[in-house]
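I have placed the structure first, in the form of structure tokens, so that the comments after it can refer back to it.
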Amino acid sequence: MSEPAPPSSITVFDTRRELDAQWRALLSRAQSRLDLFDPDFASFPLGAVDVEALLRGFLRAGGVLRLALHDTAHVERHCPRFLRVLRDYSHRVECRQTPRSLRHLTDSFALADDLHVVRRFHSDHMRGEAAFHAQAVVELPTQRFTALWEESRPALPAVVTGL
């Protein structure tokens, strides 16, 4: 017999430290799918050693990561660990860039397994909320991510070749 799901919880935050803690908590809970959206991912520690380990463990276990963003420059310049994860798990990671028509979107969110979400209300501020085991709270951001994803085009190729 399976155990009942833990009760849902919502936590508000307004500092980078709290955002980092909630985001890492979401990563550690993810089992099958991670959907991430941010204008540039400058506020997310994609290049951190522990985040690389969490992502590699998630992907090694069969998880799928989808990352949508407006601008790839920060990730390309400051997140070599994430780029190595992308290269090593290119069959499980896809990155897409939004079209100009969606660049006005300034919120930011991370979704895991249609159960957990960490979101910032505006990408210029750290203020946001995290909800775990909260399928009802995750429903709207999931719909938004799906719409963003469908409008976006592939970006951050897993292999960059040059002469």
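Just so you know, all these numbers are worked out from the coordinates, no wet-lab data involved. All of these numbers come straight from a predicted model, not from anything done at the bench. Using ideal geometry, Cβ is built from the backbone for each residue, glycine included, and neighbour counts are taken over all protein chains shown.
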Taking first residues from region 51-72 that are at positive phi and second residues anywhere that are of a type outside the set (Val, Ile, Thr), the pairs with Cβ under 9 Å that are 6 or more apart or on different chains are Gly62/Gln31; Gly62/Ser32; Gly62/Arg92
Condition check for Gln31: assigned to a helix (DSSP H, G or I) and in contact (Cβ under 8 Å) with a residue 24 or more places away in the chain: no
Could you pull out the residue among Asp114, Asp124 that is part of a loop (DSSP other than H, G, I, E, B), charged (D, E, K, R) and farther than 25 Å from Leu54 by Cβ? Asp124
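Of the residues Ala112, Ala68, which single one is farther than 18 Å from Ser152 by Cα and touching a strand residue (DSSP E or B) at 6+ places or on another chain (Cβ under 8 Å)?
Numbers: Ala68 fails: farther than 18 Å from Ser152 by Cα.
The match here is Ala112.
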Examine region 17-26 for a residue that is polar (S, T, N, Q), in contact with a helix residue (DSSP H, G or I) (Cβ under 8 Å, 6 or more places away or on another chain), buried (at least 18 other Cβ atoms within 10 Å of the Cβ) and closer than 26 Å to Val137 by Cα, and state whether such a residue exists. no
